[in-house]
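Report on one structure; see the data block that follows.
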Amino acid sequence: MKILVPFKSVPDPNDVTVAGAAASTPKWVINPFDEIAIEEALRIRERGEATEIVGVTIGAPAVDEQIRAALAMGVDRAIRIDDSRALDPYAVARILGAVVEKEAPHVVIMGKQAVDDDSNQVGQMLAGLLGWPQATFVSKIEFLDNRTRAQCTRETDGGLEVVAIKLPAIITTDLRLNEPRYVSLPGLMKARHKLIETLTCDQLGVTVRPRTTTLSISSPPKRAAGTRVESVEELVAKLRQEQVL
Amino acid sequence: MDFAWSDQQRELLDAVGRFATQQLNYDVIKNDREGIFNHEAWKKCGDFGIQGLLVPTDYGGLGTDPLTTVAVLERLGYACKDNGLLFSINAHMWTAVIPLVYNGTEAQKKKYLPGLCNGTLIGGNAMSEPNSGSDAFALATTAIKKGSRYLLNGSKIFVTNGPIADLLVVFATADKTRGSDAISAFLVEKNSPGMNVARKLEKMGLRTSPMAEVFFENCEVPEENLLGKEGGGAFLFTRSMTWERGCILASAVGSMQRLLEMCIRYANERKQGGHSIGKFQLVASKIVDMKLRVESSRQMLYHYAWLSGHRKAVYLEAAMTKLHISDCWVKCCEDAIQIHGGYGYMTEYEVERELRDAIASKLYSGTSEIQRNIVASMLGL
Amino acid sequence: MAKTLILIEHDRQQVKRPSLHAITLARQLGGDYALLVLGHGLDDIAASLVSYGACAVVVADDPALTEPLADRYATVIAEATRKRGAKTLLGTSSTFSKDVLPRAAALLDAPMVTDVLAIEEIDGSIMYRRPINAGSMLTTVRVEGDRRVLTVRATAFEAPAANAAPSPIERFAFDAASLPNGMQFISREQRASDRPDLTESRVVVSGGRPLKDKETFERLVGGLADALGGAVGATRAAVDAGMAPNDYQVGQTGKVVAPELYIALGISGAIQHLAGIKDSRIIVAINKDPDAPIFQMATYGLVGDLHHIVPQLIEAVRRA
């Protein structure tokens, strides 16, 4: 079984120096949800259910650092779509659609959302474009019937839900699917010999134009700091005053 | 001279820093107080590849060159606060892994190195005895050949990793009267019949690194576990000790850097008399001295490693590196406590533990006095 | 034909009230809007939607739609949008709408904007304001094209008034037999609860990892929530540790709530959690660590051990 894992480079979410402002020279990492997807693909391969794991990302040459990290985790080879434009989720989904046509994976596993954009759209759009089944916000994956179907547990607003989907399919990962392994030194050294293929959208045969334009970015209004209370009695009195009690 | 790291080295160092910061710094105060070895952290280091540095890839190692190796260990010392864990890793690498790499037969290397590299096997050595420390080769532990086995008799002290080791490199003599020529090294697996790992020894520092006395009473060692040649033990010991002297304090350079940064932060934040204490020259001066020690230690370390990587003789440089870094480390720790004042004395601030850990560096791998003797003799005195 | 179509969510028994908040945005956008529900056996649900001033309550009712399988739902939603000539497809952010609407957007070749907080009209173009980076920043975007798909954050829009003249109910006809067949519903956790829904409750009491275990979490967090008639929430750490189920999680990748009163017990205030509670009217934080970031955002902060404080607080609330 071949698994395609799309991943995105994002500013390190643990590195915010001032709330609301990105660090002046942000450290870039693989989107945490995509890291979980990579880890899941590795585990599926480790239990003998997959033979090849291919990573794909879209960006300028600078994202090669994250590609090497993915290869160091254990991804077999990676594709970088050379495009440094500010794309929107639909454009990303269309590009990934072309990669799926080229690579013909049995399953695409990717993060449910990127922690910088928080849109949570790409996986579902990709599934719609391909006409493939989808399982979103997944916290457990099991393959059934000789790997022709996947049974997925999903984290929804109402609790856990289980669906079974035919392959090929798109699966988006949620937080509790697994805990990703850290990049190891042997992994880093092996990664140097792994293939990174660079393709432009033209070479891929897809033309996309993002239709979302960002006009401005601002800080949300800051909540004013409140007051300390010294006791339960004082707290209850204040809440009474606020008429919430 | 190119003092810059390559992109690849930088990638490795960044990965080490991130790994150690996120994975190794938990429960250190508690483990230090109770003398507990962090097995889980050891395994993580094994998975990460630390124990396999320097070992050829054929045997499951990373095959890194000495300079990259010490840089990784330095970064590890910077990012990991558990000096005891690092001490156990170092003991494992220099006293068990290196002797096997240089003196092991193919069969021995294939049998032990992969496990030693990935952390599933823990190694150490047993050299010092109650009556022979600095006088290293005055061994009383004997190894007498009987048929296809050697029988070991004697007692070893200060065996780092003793309580947890799967494999010990044990030095014993065939004839106490013949001095160093009669010494051989043996690979002794744990639970060998006649081997008794006795009580755990309580230490001043490095308390998360377990240490024990080990007794041998007609301990049977199969002849295929002779490491190197019969009578070649002293040479084997000296060669691996040279590696040890050069490399064992690489992580200390990282620890010193961490202490330096802690002290700068504290000196800028702590205010007395209306301004930060860093403005007092007596405080600033100590920090300057710390900085000088870090830099000079680092340069000596890298120079030693560069020479080693270029296959130059490093007996002198190894001794100087060990002597200098241990001196610097202890002094840095003393200064760090002083700069932090009363807080430096409190366990919670994790400054006092650094000094307790550092003091041993003037004792192991040859005391500072022995290192001075070596340097003096190499200078022709 | 209405230019806006709004997907309304239900739990097979009744409408999920936060999904109605998208109607408020539709009213801001102006023009006619229709409501759309999918499922099976929807008569009562459809009837409950007639007072929201929609030009139609469109019902896609078929056994094939009993469960919200994304491939089927997106197909029907896209078809309904196209057939009715709607240019804006709206929903309220939820795991349901996030599952189906992006797929529908792709079928409609439309861009999508998630978690709209507000709109602005400039030179005849509509701009949408939405949160990014776990809500630590806001961005204003414009989308191009004939159609667009939007989800709104329920907490950013008021509940719509339900006092309009009744809307007609229309059955949406589609070919159930030709719906995709690649997905199968297996099961769903059913947990009965007397407590109000986390996203709808006036009061939310949440706990973090210091609550130690499931029993303590239920006793203290659940106990205080019950004393106040509120819902229970949890941080990611608490859910990861098994103290609370996933649907209690509040934060960037969990639920976003904006109750009148949010009480955070043993929660330090990581950005990812704060993202889910910023718009609460009153935030109370109880934490042992006086330097916990949450105190910078809390209306009232009490430093102390929650294991001592919470039982006292439960008592005091009961007496009040």
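Worth pointing out:
- The range C:11-27, residues that are of a type outside the set (A, V, I, L, M) and open to solvent by less than 30 Å² (accessible area, probe 1.4 Å): C:Pro18, C:Ser19, C:Thr24
- Residues located in the range C:13-26, provided they are in contact (Cβ under 8 Å) with a residue 40 or more places away in the chain and either out of contact with any strand residue (DSSP E or B) (no Cβ under 9 Å at 6 or more places or on another chain) or not β-branched (Val, Ile, Thr) (or both): C:Lys16, C:Arg17, C:Pro18, C:Ser19, C:Leu20, C:His21, C:Ala22, C:Leu25, C:Ala26
- Selection count where residues are within 14 Å of chain B (Cβ to nearest Cβ) and touching a residue at least 24 places away in the same chain (Cβ under 8 Å), scope the range A:154-191: 9
- All of A:Arg47, A:Arg77, A:Arg85 fail the test of being surrounded by fewer than 17 Cβ atoms within 10 Å (Cβ to Cβ) and without any contact (Cβ under 8 Å) to a residue 12 or more places away in the chain, apart from A:Arg47.
- Among the numbered conditions (1) in contact with a Cys (Cβ under 9 Å, 6 or more places away or on another chain); (2) in the same structural domain as B:Ala358 (by TED's automatic domain parsing), the only one that B:Met195 does not meet is (2).
- Residues (part of a helix (DSSP H, G or I) and either within 8 Å of another protein chain (Cβ to nearest Cβ) or surrounded by fewer than 20 Cβ atoms within 10 Å (Cβ to Cβ) (or both)) located in the range C:275-304: C:Pro293, C:Phe295, C:Gln296
- Taken over the range B:1-56, residues that are more than 14 Å from every other protein chain (Cβ to nearest Cβ), open to solvent by 80 Å² or more (accessible area, probe 1.4 Å) and either closer than 29 Å to B:Tyr102 by Cα or among the polar types (S, T, N, Q) (or both) amount to 1.
- If only residues of the range A:207-239 that are among the basic types (Lys, Arg) and more than 7 Å from every other protein chain (Cβ to nearest Cβ) are counted, the one that is farthest from the chain's Cα centre (by Cα) is A:Lys222.
- Only a single item in (1) modelled with pLDDT of 95 or more; (2) surrounded by fewer than 16 Cβ atoms within 10 Å (Cβ to Cβ) is not met by B:Thr177, and it is number (1).
- Inspection of the range B:207-230 finds no residue satisfying the criterion of being open to solvent by less than 60 Å² (accessible area, probe 1.4 Å) and without any contact (Cβ under 8 Å) to a residue 24 or more places away in the chain.
- Scanning the range A:198-245 for residues being touching a residue at least 12 places away in the same chain (Cβ under 8 Å) and among the small types (Gly, Ala, Ser) gives a total of 2.
- Check on C:Leu261, under 15 Å from C:Leu198 (Cα atoms), in contact with a strand residue (DSSP E or B) (Cβ under 7 Å, 6 or more places away or on another chain), facing another protein chain (nearest Cβ under 9 Å) and open to solvent by less than 50 Å² (accessible area, probe 1.4 Å): yes
- C:Gly124 assigned by TED's automatic domain parsing to the domain that holds C:Asp32, under 27 Å from C:Val15 (Cβ atoms) and not aliphatic (A, V, I, L, M): no
- Hits in the range A:120-138 - residues which are surrounded by fewer than 24 Cβ atoms within 10 Å (Cβ to Cβ) and assigned to a loop (DSSP other than H, G, I, E, B): A:Gly131, A:Trp132
- Within the range A:28-59, tally of residues that are acidic (Asp, Glu) and part of a strand (DSSP E or B): 1
- Of the residues B:Tyr304, B:Tyr315, the single one that is at pLDDT 95 or above, open to solvent by 20 Å² or more (accessible area, probe 1.4 Å) and within 30 Å of B:Met241 (Cβ to Cβ) is B:Tyr315.
- The residues of the range B:339-359 that are in a helix (DSSP H, G or I) and more than 19 Å from B:Ser326 (Cα to Cα), listed by number, are B:Ile339, B:His340, B:Gly342, B:Tyr343, B:Gly344, B:Tyr345, B:Thr347, B:Glu348, B:Tyr349.
- Out of C:Gln312, C:Gln249, one residue alone is at the interface with chain A (Cβ under 9 Å from one of its Cβ atoms) and either of a type in the set (Ser, Thr, Tyr) or within 27 Å of the chain's Cα centre (by Cα) (or both). It is C:Gln249.
- Residues satisfying the stated conditions in the range B:178-235, i.e. touching a Lys or Arg at 6+ places or on another chain (Cβ under 7 Å) and either assigned to a strand (DSSP E or B) or of a type in the set (Asp, Glu) (or both): B:Met211, B:Ala212, B:Glu213, B:Val214, B:Glu220, B:Val221, B:Pro222, B:Glu223
- Selection count where residues are crowded, with 20+ Cβ neighbours inside 10 Å and free of Cβ contacts under 8 Å to residues at least 60 places away in the same chain, scope the range C:223-236: 8
- Residue among C:Pro180, C:Pro210, C:Pro196, C:Pro166 that is open to solvent by less than 70 Å² (accessible area, probe 1.4 Å), more than 11 Å from chain A (Cβ to nearest Cβ), of a type outside the set (Asp, Glu) and in a loop (DSSP other than H, G, I, E, B): C:Pro196
- Test: residue in the range A:195-210 that is assigned to a loop (DSSP other than H, G, I, E, B), farther than 25 Å from C:Ala105 by Cα and either in contact with a strand residue (DSSP E or B) (Cβ under 8 Å, 6 or more places away or on another chain) or at pLDDT 95 or above (or both): yes
- Among the residues of the range C:135-163, the ones that are assigned to a loop (DSSP other than H, G, I, E, B) and under 23 Å from C:Thr95 (Cβ atoms) come to 7 in all.
- When the range C:134-173 is filtered for residues that are in contact (Cβ under 8 Å) with a residue 40 or more places away in the chain and polar (S, T, N, Q), the ones remaining, listed by number, are C:Ser136, C:Thr151, C:Thr155, C:Asn163, C:Ser167.
- From B:Leu13, B:Leu62, B:Leu73, residue being outside any helix (DSSP H, G or I), under 26 Å from A:Arg192 (Cα atoms) and touching a helix residue (DSSP H, G or I) at 6+ places or on another chain (Cβ under 9 Å): B:Leu62
- Every residue from the range C:103-128 that is open to solvent by 20 Å² or more (accessible area, probe 1.4 Å), assigned to a strand (DSSP E or B) and at the interface with chain A (Cβ under 9 Å from one of its Cβ atoms): C:Ile122
- Scanning the range C:54-102 for residues that are among the β-branched types (Val, Ile, Thr), in a helix (DSSP H, G or I) and open to solvent by less than 10 Å² (accessible area, probe 1.4 Å) turns up C:Val76, C:Ile77, C:Thr81, C:Val100.
The values are calculated or read from the model by the stated rules, or taken from the named source; none is laboratory data. These figures come from a predicted structure and were not determined experimentally. Neighbour counts are summed over all protein chains in view; Cβ atoms, including those assigned to glycine, are modelled from backbone coordinates with ideal geometry. In case anyone asks, the SASA skips ligands and DNA or RNA and just uses the protein heavy atoms, side chains included. Shrake-Rupley method; radii C 1.70, N 1.55, O 1.52, S 1.80 Å.
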